[in-house]
Structure formats: C-alpha cells, structure tokens
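Written out below as structure tokens is the structure these notes cover.
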4 protein chains.
Amino acid sequence: MNFISDNAAGAAPEILAALARANDGTASSYGSDEITRRLTEKLSKLFEKDVAVFPVATGTAANALSLATLTPHYGAVFCHDGAHIHVDECGAPEFFSQGAKLVPLQGAHGKITPEGIKAAHARFQKGDVHHVQPSTISISQATELGTSYTPVEVQAIAHLAKAEGMSLHMDGARLANALAFLKCKPADVTWRAGVDVLSFGVTKNGAIAAEAVIFFDPTRAADIVYRRKRAGHLFSKMRFVSAQIEAMLDDGTWLKLAGHANAMAQRLNEGLKALPGFAVPHPVEANEVFVKLPSEAAMKAIKAAGARFFQWEPTTDGRPLIRLVCSWSTREAEVDEFLGAAKRLA
Amino acid sequence: MNFISDNAAGAAPEILAALARANDGTASSYGSDEITRRLTEKLSKLFEKDVAVFPVATGTAANALSLATLTPHYGAVFCHDGAHIHVDECGAPEFFSQGAKLVPLQGAHGKITPEGIKAAHARFQKGDVHHVQPSTISISQATELGTSYTPVEVQAIAHLAKAEGMSLHMDGARLANALAFLKCKPADVTWRAGVDVLSFGVTKNGAIAAEAVIFFDPTRAADIVYRRKRAGHLFSKMRFVSAQIEAMLDDGTWLKLAGHANAMAQRLNEGLKALPGFAVPHPVEANEVFVKLPSEAAMKAIKAAGARFFQWEPTTDGRPLIRLVCSWSTREAEVDEFLGAAKRLA
Amino acid sequence: MNFISDNAAGAAPEILAALARANDGTASSYGSDEITRRLTEKLSKLFEKDVAVFPVATGTAANALSLATLTPHYGAVFCHDGAHIHVDECGAPEFFSQGAKLVPLQGAHGKITPEGIKAAHARFQKGDVHHVQPSTISISQATELGTSYTPVEVQAIAHLAKAEGMSLHMDGARLANALAFLKCKPADVTWRAGVDVLSFGVTKNGAIAAEAVIFFDPTRAADIVYRRKRAGHLFSKMRFVSAQIEAMLDDGTWLKLAGHANAMAQRLNEGLKALPGFAVPHPVEANEVFVKLPSEAAMKAIKAAGARFFQWEPTTDGRPLIRLVCSWSTREAEVDEFLGAAKRLA
Amino acid sequence: MNFISDNAAGAAPEILAALARANDGTASSYGSDEITRRLTEKLSKLFEKDVAVFPVATGTAANALSLATLTPHYGAVFCHDGAHIHVDECGAPEFFSQGAKLVPLQGAHGKITPEGIKAAHARFQKGDVHHVQPSTISISQATELGTSYTPVEVQAIAHLAKAEGMSLHMDGARLANALAFLKCKPADVTWRAGVDVLSFGVTKNGAIAAEAVIFFDPTRAADIVYRRKRAGHLFSKMRFVSAQIEAMLDDGTWLKLAGHANAMAQRLNEGLKALPGFAVPHPVEANEVFVKLPSEAAMKAIKAAGARFFQWEPTTDGRPLIRLVCSWSTREAEVDEFLGAAKRLA
C-alpha cells in the first residue's frame, strides 16, 4: 500500500525493453543520435505541429530550463503559491534564471486564474525599472492538488499572457494524467490553448529518468542548447534518455499507464468519499487523491495497517489531510486494502 | 572503426542487468533508497575511508557541483588550459559557482605543475579585494591528452594547495583508465595524495549515465545537497543511477572495462609509433591515443577507410593531429583494421 | 509643494561643506583613507559597540549586499509583501544573493509579525533539500508605510530568528526618522534588540549618495569586502562617501534633519485627519503620511494647486490613496499650502 | 610625491562647483532630472551621434554593466591578460554577466591584436554547445600600461569583431588621457572606429565618482536600465552624478585636466629615460610611466625620499619595475623632486 508518490514506483517494462534496444552498437553522442532525431518527429506528430525538443532527465531541470529561457533575470514568473517550481525545487528556477522572482498566487484547487494574475501583475509594472518585469506565467498540468486545467481555462490564462506580452509555461510532470482525464488531444490543452513551452514529463508515469522541454515555437529556443549544456543536463549518451520517451509514445503507452493510475485514484475517491468522517476536498482529475481523515488516531491506524502516504500541510480544523498518489504500478488490491482499512475506521 | 569518443559506446551488459535488478518494487525516492545507501558503503570500502557520495548523471554536473562547493563566487580555480572544465563544458563551472574565474595554465602533456600554479597564483593575491581569491586547483585524471598523474605528481600539487589554503579537485571522468594504467590503489592517487573532492565517472567507462561527487572529508559537503537539488540533478528514482555505479564496483567490473580500453589504446600506440610518418606526441597512459598523421591526404584516406575520430586543434607544421579513443566495447579487429589502413599510408 | 519623495530633495549644507573639507590633498583610495577609518570609530561610538562598517552609495546596494552576505543562494528571506527589497529594487537581493527567494508576508501598517513569519517558515523546512532554506528575516525601519517598529517588536522578531537559526536584517533607509520618532538609542532598536546587520541610510535624510552596511558582529562580515568590490560598489575615492556619513553624525545632524522631516509630516497629519472626507490610514511615525482623499476629483484639484505626490496602490472603495513624504528641506509654508488646498476641498 | 594612482587625487574645483550648482531645489529622482537630460545631449554632441547614456559611479560598474549587456552568460569576452576587467575587479564582469568567461590574451605594451584574438577565438567555436560562445572583445583606452590604441588599431580589432559577430567594448577609464595624447576626435577612436559600447570614465580624471556607460547604438541598450537598477547602481539623486560629468565636458575641462596629467607623465618620461640604469619599457602615451629601476636599493632610496608609487609584477632580471601615475593635481615640483631623487641614484 505505497501511495507516497509516483516517484516511488519503478520503471514500466516497456522502458527497460527500450533501453536494451537502444544499446545496439555505437551512436553519436550529445543528442546527434538517431533515436533523438526520431523522437522529435514523433512528438511533432503527437502535437500536430513542428516542435523543438530538448530531452533532459529530471522535471526540475525541464522546468528550470524552460523558465530561464523565457524569463530575463530581472523578470517575474507568476505561479500558484503551491506550485512545484515555487515550493519543491529548492529555488531551481531562480538558479537557472539567475535570480528571477517567482510571484506566488492563491487559487482554489491548485489552479491560478486570470483575475489572480492581473492583481499581482498590477504591482510589477512593465517598463518601471524599480520592478522586476512581468515575463512568464507557469501552470501545472495536472496541478499539485490533482486537478486538471480544461482547455478553456488554459486559453483564458494564455489570453491574458499574450495581452501583457508574457509567455505561458506548462509544467507537465503529470501531463499524461491530465490528458487521460480530459480526454482531449495533447495540442488542445497546450499550444492550441496558448502554451508556449511545455515540460513534458514521463518519469512519474513509468520511466527511469526522462523529460523533455518542448518549444511550440522553435524560433524561441535559440539559446536553450547552451543553457542545457552549461547546467550539466546534456547527456553524452542521450539515446538512452530519448529512448525512454519514445517508448512511452509508441502504442500510446503513456496514456495507458496514466489511465491506469487515474483509475486507481478514482477507485480511492469513490470509496473514500462515501465514508462518514472522510472528505475529499479537491476534485480527483488525475492520479492524486487528497483525503481529510476523521482524526490523528485514524491516520495512525491507517499507517499501522501498512499504508504509506504523505501528510499535507496543516489544516485549520486539526483533522489531518493526506495525499494518496497512484502510479502505473498501483494494484487494485492495494487500493481495496486501503479502502478496507478506512472503512473499519469510519 | 569508431574511435571518436568513449561516449559513442553503449552500456556494458552488467549495467543493463543492474537496472533490471534495481527495478524490483517500490523504493524511497530522491536517494533515500537501499541501493544508494549500499553504494556509499562500497565506495567507502573502495577508498579505504568514510566518504560522502552524491550521485549525479553527467560528468559536467559532477565537476561543476564539486567546484562550486569548493569555490566562492569571487574565487579562482587553477586548471590546465585544455581542461574539460575550461573548454568543453560551456562554462558550467562558472554557472554553478555563479561566476568564479577559471585561470588556465599551460603544461606539457595536459598536466599542470606546481611551478605553473605558483606563477598564476602570484597574480591573484589572497586578501586583496581587487582580485578574485585563489581557492581551488582542478586536475583531470586521466588528462584530456590521455596521460595520467602519478601519485607523486598529485602530492606535489596538493602540497602547494594546502600551503596556500586551496582545495584540490580531481576530474575523474576517466579515473578507471588512469588506475588501470597506474596500477595503484584508488586511495593512493586521490585522498592519500591530497585530493579533497573527486568527480568519480563511470559513464565513459560503460554506464548509461552515472557519476558521483565524492567528498573525502564529509564535513565539507554540508551544502552540496541543496546545490544538487537546485541544479536539477537530484534524481527522483535515484536507485537507477546508484545501481549503475554499484554494478561497476562489483567484481572489479570498472577496472576490467577500463583495462580493456587501455589495452586497445596501447595496441594502437604500438602499431602507430612504428610507422614512418606517424607520430604519437603524448605518452599513452589511458585509453586515448593522439596521432600526428603524415598529411591531410592521409587523414582523408583513413576516413575513407571507415575510421571515425576527432581532429584535434591545428598544429604548427600543418600535419593533422587526431585523437583516437578506445572504450570497453572497442574490438581488437577494429584496432587492427585501423592499423592496416595506416600501414598502407606509411 | 513637492511631497513626492525624500529623494527629490537635494543635499543639506553640512554635506557639501564636508565634501569640500574632504577634498584636501591626496588620500589613500578604496577605503584606506583617514575619514573612513574615523567613520568606523564614530559609528562604533554611536552604537555603543565595535561595528564593522562598509560604506556604499545606494540603499539598494546596502540592502542587497547585506542580504547576500547573510543568505546562501539556496536560502529564503522573509519580508513584508510591500518591502522595498521585494517590490522596488528590481530584484537586487535576488541578483546579489544569486537567486535566494524572498518570501512576502502580509502584516498591518507595513510591519511583519512573529506569527506571520512562523506560518511562512513552516512551508520551507530546514534540512529538506526540496525547499529553499529559511535564512534571513528583513524588516524596514521606518517601514514603507511610515510606521516604526518599537524595540519590543524588534525583539520579538529577533527572538524567533535566533530560535530558528535565522539572521535579522534591518533596512534603515529611514532609520533616523524612526529614531527621531521612537526617541530611543540607536542600539536599543538594532543590535540590543537582536538585529544582526543594518543598512544605515543617510541619502534620503539629506546626503548626496551615502549609505553603510553595518555588521554588529564583525566576525560575520568576512566576505562582504569581496562582494562589494565585485558588485562595483567599492569607491576609489571612498573618502567622499564616508565624509557624507560622518557629517551626518557630527553634532547630531542626522537626527536634527530627520526630526524636521518628521515634524512636517506630523503637521500634515494633524491638519488632514481633522478634515471631513480625508483619512490617514496608517499611524504617522516617521516622515511619511498616507492620505485617503475624498475622490478622484479632489486629487486632481490638489495636483492643480501645485502639489506633487505619489499615488499609492488602488484601494477597494475607489477613493485614491496618496503618499506624502517630507524631507529635511520641506518648509512649513509648503505644508500649510497643502493643508489650505485640502481644506478648500473638505 | 604621490604617484601611486590617479585615484589618490581629490576632485577638481570645477567638480565641487558643479555639485553646489546642482543642489538648487528639488529635482526628479532616478535620472529623470534636467541635468541628466542635458548630459545626454552634450555627450551626443561630443560624439557627433545620438548616444544612449547611463551614468554610474564606479568604473567597475560601468565595465561590468557594459559587458553583461553585450555578453550572454554562456559567452566569452576576449581581453588582454592584464586588463583591469580581468585582474582588478574581483570578477565583476563574471558577476554581472552571471558567469561569462574572460579569455585572457597576451600582447605587447598592454594591447591585444587581431592575430591574438583570432587564435583564442578558434578554440571556442560558434554554435558548438560545448564551448562558451565568442561574444565580446574588450580593450582599454588608455591601456593598463599607459599606451593608447590608435584609431587604425581599433578599426582592425573592430573589423574582426564584426566579421565574427562579436561586439567591441572600450574601457575608457582613462579615455581623456588617450584623447589628449592622440589628439583625435572622440568619435574617431570610438564608434567611427567600430566601438559599440564605451565605459566613459571621469573619476580618475578629477571627479568624485562619475562614469557613464555609452551605447553608440541606443537600440542595443534595451535592458541595461534594469541591470543597472538591479545592481544598485541607479542613483536616487542622479543629478549629482550627471553634474560631475557635465562639468568635465563644459569648456573642455576633461581634456585640460588629462592634458596636464599627460604632460607631467612626459616630463617624468623625458627625465628618466635619460638616466643611466633607468629604463622606460612602454611608450608613454597617457598619464602613466613604467620605470625599471637600477636595483632594489634604488627603489628603497626613492621611497625614502618620499615618493609613493606601486611596484608592478616581478621582472625576470630582478630589477624592480614601478608604475608612476600622474593626475590633474600632480605638480611640476613633485615631478622634479622625483627626477632629482632619481638623478642622485643614477
């Protein structure tokens, strides 16, 4: 019963198989290999647009490189107060951008809104040298609270970004989960909705370590290759990073894996919200379920039953809020075991 | 006949096997896993000393994190003019250290000497606020020109470092090759000779992507964990990085692989230096052979025969200088094919 | 009727006289001169403690150097959401610290409180590599809203800082105004209350360009000299910066000038709060008066009468909020002219 | 007999008078004042071209802001091995540019040449992500060794810069001295010869603290205003910085002061080169004279006679090399006293 993170899961069998295939003979290094070339083709096809692709190995690298390429060092990035880039990357965006300012915004269920951005934007005026310059908006898809932005919601934010001369970045560490929920095309919730740059993540979804920065307008990506090398994120044996992403795309593996994780989360959601004393405060629109437990004692009892999970930030009423994350490898039996333990406490 | 780089080789079979073993079930993320714990134990045993180990995935990351931890942003790093950190990492040490200055030194066969360091050191005086502050010396083992520092040579540089209050870093991207040549213990040419921090590389030696920063004095490593995370080099599924390094250490695999690469380089060396019109300007003390060819025409002919290699910097007499790199996967037949092609030109 | 900023005022006569005196003959450069030596003595006497003094020429430089010396690049600085360092320095603290994160806090009348700091602190946990590390608290004295922290208020914040291993910085761009209001000793509201480092400003108070970073524990100032030089803030003809600060201290000039500015602000305060339709939302505890005007039309009328001032951030009820700043050179007649114009509108 | 530096001199009377004039009433802050506006006009007239002017207060700030605006953080700056920016600014260009690499070049009499730049340039190839990218060439006018580039020499370097897509920066901390020697128009040795950005210094020439970054193509200066503010170099009471520069330009004061300093240097040069045992190794083309003394004993004797000067880097023959700097305030009597002391030793 390990619901602590999708990072705790290992690699899907398709990934290991792809690594073995990629290991055939010598290959050009630093991304000049055939697999990396093919990957750009396949991602362009997936997104119905010629994209520029820069594989890296961690989500933090993908996010920080994206933001640093879009944001001058005297710029501001607007994001949710609970965004991974703001709270969980030890200041990586600040490091890569050499000191840009992340402006944290409030917003229900982990989402920011045009209204929230406008209010913050008013305080950092374009052209006033005393203020960091509004440059970028960053949204997470799915969010840190397991919700997903609809295409219409993304469009509204992108509309504001364009109007104010800002860029829009999407942290897609769990993009597959959002897509499996939204059931829209990848293009619909990214560039067609106005996203400029995407951190395309597959590590949480079953790879070993593979992400890609995707520029929907390749002309804006001129200097990210230097930034990536300079940050130590250009892999000499790049074919092994690219092969993981390719394996995800082939036969829709990524959506299959994410769909399974989402289904397990819905199974938790359905089971828990029916129990007296339990509450699910955020819509379950990906592979995460937040649960408010009846009491501290209940939390201890569930732990004692063998469940692993992360306790979220303190709540105002003292009842513990926990996060359950499902992955490609979560089994129905684990979910049912958890629900059984919860039922005994309800 | 691919001698272009040890980066062009794939992964040794031991590495893929280790990844498959590591993929068993869930594991704690971000380096709290059992394999990473074991790795520190094994490296401590290998080096006959309790060491602090920080796995990363690229040599540039290992070097830049090492240097940034040892060097204040207003500090100077003394290194060879041809050092990888100075010429081939797009300024990664400057980025990670936030602007420290690399002071390039001349030196025969890719090695720096105490005399060269002293002369440069005299120009950047300790305590004078107008000068960047001498902080770190960095040497490559084996060097960019395929030579290896003896323990006595390292000691002499370390002696100067200590006398001047500087730290000594070793870029060990090809440490195994140097050790296979020197036939000394890992400790003898590292901490016992005065090295403070080592970039311990196994990628070129047959891994997919695995390196480790090793602090021989763990008390000096206090903040590298934040630097690593902040640079996007803390892997969520760390077990897969650590497993590669562990597989290298088990049964002496790393020395076996490096020994093979060295042997192939020696076979090239022996064959080429006997040929009229060919010259090998640097001692072959690892897995690289530099060869001065008779003429541009000879270089073209060798290429036409199917050999791949890197042409080095221009020479004063116009005869092309090329670099041949052997790897764990280089076959005797390839070497002999190259020698055959050369013989026909001599 | 120029109430736009104390920056709009020129230099007090004492300052120009000091520059002329300082210009006698040659002097050692870069701070080795006699005036700079004397300044440290006089500031040590003023603060009743041996202090380390680093003169610079702008408040932004003083703040950013202070914060960068106290805060690692992976650190967090807690400050008021409206703090000058957060909103008005174009990210200078981020630049000098190379990417530390400023965490903005709410708080009435421009002041932060231990409770507010605690809540924010809980989200960035010490020792967790995913989070920037809580390092520094910064308060402004007087605040951006013209209020002053009492010694007891500073002590409470300092107590929390010490308990959590954080440093306490004070932005004293208007310290003289706060002291003229509080009527306590400089030590009482700085180091005796727990402040570690002070930006000691005299530019707004009547100098041309002179500030000083003051470390109350000189052992913590080891590397600021390199930071200052590296940032271009070490003046070759330092005597002319130091002479301005010295002139302020001699004969209590700084408190005399600040006392005058405060008195003018109080005169505005007394006059305005008596008028129907006018409101002064923040206590006037320095040289700034915030005034809520009856209407947009009233604001236009006052401008038409010749008054210059800064319109503050939008209010919820639509009535304009303006800021009036008095300086050493503000004349009673100007104040009365403004009050007269206001009275006609009431 | 103070020849230690032109920084040891005070301010010329014209400067103090200008400060007093500038102190009349209130003025817009942060560079929106009338004097700063006028300054841009006067500099545009002086340079026979509309220029963009950014006053700052130190030469290090002017140089570092110039270089950072011209050079991406992954860029390389080619400069003389003894350049102030490389040796004497504690890494300020690296700090402001966030880690660009200064590539030091050898060259006689403190000057770099197109040949030297070409050789270094060949090692850092454009478009190769492994290398920092050649971006900027920086020359000092006059040089650190008291020589001046002729317009033809500047043109040759600029020609190479343009051909390779690089920018050309001139460190003009002693531009007035060079112009007083070259007797050409300011435009002839700057933009007409191909200089893109100039650090225009007047501090050494008799101001208190005043320099300006001058962009000859204002369209390239888009973001320096943010960089300047962010670095703490935007002065609130800017009028006092601008007034110093304006005072220098009025009535040709800057050339008069520099001409005097140069004349004093020539007087030293003429007197010293005639003395047996004394040598002047570099042409005297500004206000500095380098002198090789007969012996250590001679150096001590001259010091004992009351002369102050800076001993330069060690020489190969052991005879001390000293630097004598003349300023606007150097008196003929001082020069003659020095020559008298030298004559007694010859």
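The values are calculated or read from the model by the stated rules, or taken from the named source; none is laboratory data. Treat the numbers as computed from the prediction; the structure is a model and nothing was measured. FYI the Cβ positions are ideal-geometry reconstructions off the backbone, even for glycines, and counts take in every protein chain you see.
Tally the residues that are of a type outside the set (A, V, I, L, M, F, W, C) and either part of a strand (DSSP E or B) or at positive phi (or both), restricting the search to segment D:50-61.
Initial filter on segment D:50-61 (of a type outside the set (A, V, I, L, M, F, W, C)): D:50, D:55, D:58-60.
Checking the rest, the ones that are also either part of a strand (DSSP E or B) or at positive phi (or both) come to D:55.
Number satisfying all stated conditions: 1.
Within segment D:151-186, how many residues turn out to be surrounded by 17 or more Cβ atoms within 10 Å (Cβ to Cβ) and either closer than 23 Å to D:V56 by Cβ or acidic (D, E) (or both)?
The total comes to 15.
Just to verify a result, which residue in segment A:5-55, among those that are in contact with a Leu (Cβ under 7 Å, 6 or more places away or on another chain) and facing another protein chain (nearest Cβ under 8 Å), is nearest to A:S329 (Cα to Cα)?
A:L16
Just give me the residues in segment D:257-277 being charged (D, E, K, R) and surrounded by fewer than 18 Cβ atoms within 10 Å (Cβ to Cβ), in sequence order. So that I can check it myself, show each step before the final result.
We begin by selecting, within segment D:257-277, every residue charged (D, E, K, R); these are D:267, D:270, D:273.
If the condition is that a residue be charged (D, E, K, R) and surrounded by fewer than 18 Cβ atoms within 10 Å (Cβ to Cβ), then D:E270, D:K273 are the ones that fit.
One residue is enough: does segment A:166-180 have a residue meeting the conditions free of Cβ contacts under 8 Å to residues at least 12 places away in the same chain and assigned to a loop (DSSP other than H, G, I, E, B)? Step through it out loud before you land on a result.
To start, the set of residues in segment A:166-180 that are free of Cβ contacts under 8 Å to residues at least 12 places away in the same chain comprises none.
Scanning segment A:166-180 turns up no residue that is free of Cβ contacts under 8 Å to residues at least 12 places away in the same chain and assigned to a loop (DSSP other than H, G, I, E, B).
Conditions tested, residue by residue: (1) among the hydrophobic types (A, V, I, L, M, F, W, C); (2) under 23 Å from C:C184 (Cβ atoms).
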residue	(1), (2)
C:K42	no, yes
C:K45	no, yes
C:G59	no, yes
C:Q106	no, no
C:P114	no, yes
C:A119	yes, no
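Name the one entry in C:A263, C:A274 that is modelled with pLDDT of 95 or more and not charged (D, E, K, R).
Residue meeting the stated conditions: C:A263.
In this structure, is B:K204 touching an Asp or Glu at 6+ places or on another chain (Cβ under 9 Å), surrounded by fewer than 24 Cβ atoms within 10 Å (Cβ to Cβ), among the charged types (D, E, K, R) and more than 30 Å from D:F95 (Cα to Cα)?
Details: touching an Asp or Glu at 6+ places or on another chain (Cβ under 9 Å): yes; surrounded by fewer than 24 Cβ atoms within 10 Å (Cβ to Cβ): no; among the charged types (D, E, K, R): yes; more than 30 Å from D:F95 (Cα to Cα): yes.
In short, no.
Which of the following residues is closer than 28 Å to B:A178 by Cβ, in contact (Cβ under 8 Å) with a residue 24 or more places away in the chain and either hydrophobic (A, V, I, L, M, F, W, C) or buried (at least 20 other Cβ atoms within 10 Å of the Cβ) (or both): B:V280, B:V289?
On the way: B:V280 fails: in contact (Cβ under 8 Å) with a residue 24 or more places away in the chain.
Selected residue: B:V289, the only one of B:V280, B:V289 that is closer than 28 Å to B:A178 by Cβ, in contact (Cβ under 8 Å) with a residue 24 or more places away in the chain and either hydrophobic (A, V, I, L, M, F, W, C) or buried (at least 20 other Cβ atoms within 10 Å of the Cβ) (or both).
Let me confirm something: among C:R21, C:R37, which residue is of a type outside the set (A, V, I, L, M), in contact (Cβ under 8 Å) with a residue 12 or more places away in the chain and assigned to a helix (DSSP H, G or I)? Quick ask: steps written out before the conclusion?
Details: C:R37 fails: in contact (Cβ under 8 Å) with a residue 12 or more places away in the chain.
Residue meeting the stated conditions: C:R21.
Within the group B:V154, B:V129, which residue is in contact with a helix residue (DSSP H, G or I) (Cβ under 6 Å, 6 or more places away or on another chain) and in a helix (DSSP H, G or I)? Break it down stepwise before answering.
Values: B:V129 fails: in a helix (DSSP H, G or I).
Result of the check over B:V154, B:V129: B:V154.
Listed here are the residues, each with its yes/no results for (1) farther than 21 Å from C:R228 by Cα; (2) at pLDDT 95 or above; (3) part of a strand (DSSP E or B).
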residue: C:R123; (1), (2), (3): yes, no, no
residue: C:A187; (1), (2), (3): yes, yes, no
residue: C:S199; (1), (2), (3): no, yes, yes
residue: C:N205; (1), (2), (3): yes, yes, no
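Restricting to segment C:99-129, and then to whatever is small (G, A, S) and away from chain A (no Cβ under 12 Å), can you tell me which residue is nearest to the chain's Cα centre (by Cα)? Walk me through how you get there before you give the answer.
Of all residues in segment C:99-129, those small (G, A, S) come to C:99-100, C:107-108, C:110, C:116, C:119-120, C:122, C:127.
Restricting the remaining residues to those that are away from chain A (no Cβ under 12 Å) gives C:107-108, C:110, C:116.
Values: C:G107: 17, C:A108: 18, C:G110: 12, C:G116: 21 Å.
Filtering first and then ranking leaves C:G110.
Looking for whichever is of a type in the set (A, V, I, L, M) and more than 17 Å from C:S5 (Cβ to Cβ) here; the options are C:A279, C:A307. Which one fits?
Numbers: C:A307 fails: more than 17 Å from C:S5 (Cβ to Cβ).
Among C:A279, C:A307, only C:A279 is of a type in the set (A, V, I, L, M) and more than 17 Å from C:S5 (Cβ to Cβ).
Across segment B:292-325, which residue is modelled with the lowest pLDDT among those that are assigned to a loop (DSSP other than H, G, I, E, B), surrounded by fewer than 19 Cβ atoms within 10 Å (Cβ to Cβ) and of a type in the set (G, A, S)?
Here is the first cut: in segment B:292-325, the ones assigned to a loop (DSSP other than H, G, I, E, B) are B:293-295, B:305-307, B:309, B:312-320.
The next check asks that each one be surrounded by fewer than 19 Cβ atoms within 10 Å (Cβ to Cβ); those that pass are B:294-295, B:305-306, B:312-319.
Pick out the ones that are also of a type in the set (G, A, S) and you get B:295, B:305-306, B:318.
Details: B:S295: 95, B:A305: 95, B:G306: 95, B:G318: 86.
Result: B:G318.
Considering only segment C:230-270, how many residues are within 14 Å of chain D (Cβ to nearest Cβ), in a helix (DSSP H, G or I) and without any contact (Cβ under 8 Å) to a residue 12 or more places away in the chain?
Of the residues in that region, 1 qualify.
Output yes when any residue across segment D:215-227 is closer than 25 Å to D:D6 by Cβ and among the acidic types (D, E), and no when none is. Talk me through it step by step, then tell me what you get.
Residues of segment D:215-227 closer than 25 Å to D:D6 by Cβ: none.
So far as segment D:215-227 goes, no, none of its residues is closer than 25 Å to D:D6 by Cβ and among the acidic types (D, E).
Which residue pairs have Cβ atoms closer than 8 Å, lie 6 or more positions apart in sequence or on different chains, and pair a first residue in segment B:313-338 that is closer than 20 Å to B:P276 by Cβ with a second residue that is of a type in the set (S, T, N, Q)?
Once the first residue is closer than 20 Å to B:P276 by Cβ and sits in segment B:313-338, its partners that are of a type in the set (S, T, N, Q) give B:R319/B:S295; B:P320/B:S295; B:P320/B:Q311; B:L321/B:Q311; B:L321/B:T315; B:I322/B:Q311.
Which count do you get for residues in segment A:62-81 that are assigned to a loop (DSSP other than H, G, I, E, B), in contact (Cβ under 8 Å) with a residue 40 or more places away in the chain and crowded, with 22+ Cβ neighbours inside 10 Å? Show your work before the answer.
In the first step, residues of segment A:62-81 are kept if they are assigned to a loop (DSSP other than H, G, I, E, B); the result is A:71-74, A:81.
Applying the additional criterion that residues be in contact (Cβ under 8 Å) with a residue 40 or more places away in the chain yields A:71-72, A:74.
Keeping just the survivors that are crowded, with 22+ Cβ neighbours inside 10 Å gives A:71, A:74.
Here the count works out to 2.
Test each condition in (1) in contact with a Pro (Cβ under 8 Å, 6 or more places away or on another chain); (2) of a type outside the set (D, E); (3) in a helix (DSSP H, G or I); (4) under 23 Å from D:S32 (Cβ atoms) for D:A212 and report the one that comes out false.
The failed condition is (3).
Which residues, counting only those in segment A:82-98, are touching a strand residue (DSSP E or B) at 6+ places or on another chain (Cβ under 9 Å), within 7 Å of chain C (Cβ to nearest Cβ) and buried (at least 24 other Cβ atoms within 10 Å of the Cβ)?
To start, the set of residues in segment A:82-98 that are touching a strand residue (DSSP E or B) at 6+ places or on another chain (Cβ under 9 Å) comprises A:82-87, A:90-91, A:93-94, A:97.
Filter once more, so that each one left must be within 7 Å of chain C (Cβ to nearest Cβ): A:87, A:90-91, A:94.
Those that are touching a strand residue (DSSP E or B) at 6+ places or on another chain (Cβ under 9 Å), within 7 Å of chain C (Cβ to nearest Cβ) and buried (at least 24 other Cβ atoms within 10 Å of the Cβ): A:C90, A:G91, A:E94.
Test A:A61 against the criterion of being hydrophobic (A, V, I, L, M, F, W, C), within 12 Å of another protein chain (Cβ to nearest Cβ) and farther than 22 Å from A:D171 by Cα, and give yes or no.
Values: hydrophobic (A, V, I, L, M, F, W, C): yes; within 12 Å of another protein chain (Cβ to nearest Cβ): yes; farther than 22 Å from A:D171 by Cα: no.
Taking the combined requirement at face value, the residue does not satisfy it.
Take A:L345 and tell me if it is over 16 Å from A:L145 (Cβ atoms) and crowded, with 16+ Cβ neighbours inside 10 Å. Show your work before the answer.
Details: over 16 Å from A:L145 (Cβ atoms): yes; crowded, with 16+ Cβ neighbours inside 10 Å: yes.
Taking the combined requirement at face value, the residue satisfies it.
With the requirement that a residue be without any contact (Cβ under 8 Å) to a residue 60 or more places away in the chain and not aliphatic (A, V, I, L, M), what does segment C:125-140 give you?
Pass one, segment C:125-140, residues without any contact (Cβ under 8 Å) to a residue 60 or more places away in the chain: C:125-132, C:134.
Correct list: C:Q125, C:K126, C:G127, C:D128, C:H130, C:H131, C:P134.
Take segment C:297-312 and flag every residue that is touching a residue at least 24 places away in the same chain (Cβ under 8 Å) and within 14 Å of chain A (Cβ to nearest Cβ). I'd like the intermediate steps shown before the answer.
Our first condition is that a residue be touching a residue at least 24 places away in the same chain (Cβ under 8 Å); within segment C:297-312, this holds for C:298, C:301-302, C:305-310.
Scanning segment C:297-312 gives a single hit, C:F310.
Taking only segment B:96-132 into account, find how many residues are under 17 Å from D:D81 (Cα atoms) and polar (S, T, N, Q). Explain how you work it out, then say what you get.
Initially, segment B:96-132 is screened for residues under 17 Å from D:D81 (Cα atoms), giving B:100-106, B:116-125, B:130-132.
When the remaining residues are screened for being polar (S, T, N, Q), the result is B:106, B:125.
Residues flagged as under 17 Å from D:D81 (Cα atoms) and polar (S, T, N, Q) within segment B:96-132 amount to 2.
Looking only at segment A:141-162, decide whether some residue is farther than 30 Å from D:K229 by Cα, among the basic types (K, R) and either more than 9 Å from chain C (Cβ to nearest Cβ) or touching a residue at least 40 places away in the same chain (Cβ under 8 Å) (or both).
There is no residue in segment A:141-162 that is farther than 30 Å from D:K229 by Cα, among the basic types (K, R) and either more than 9 Å from chain C (Cβ to nearest Cβ) or touching a residue at least 40 places away in the same chain (Cβ under 8 Å) (or both).
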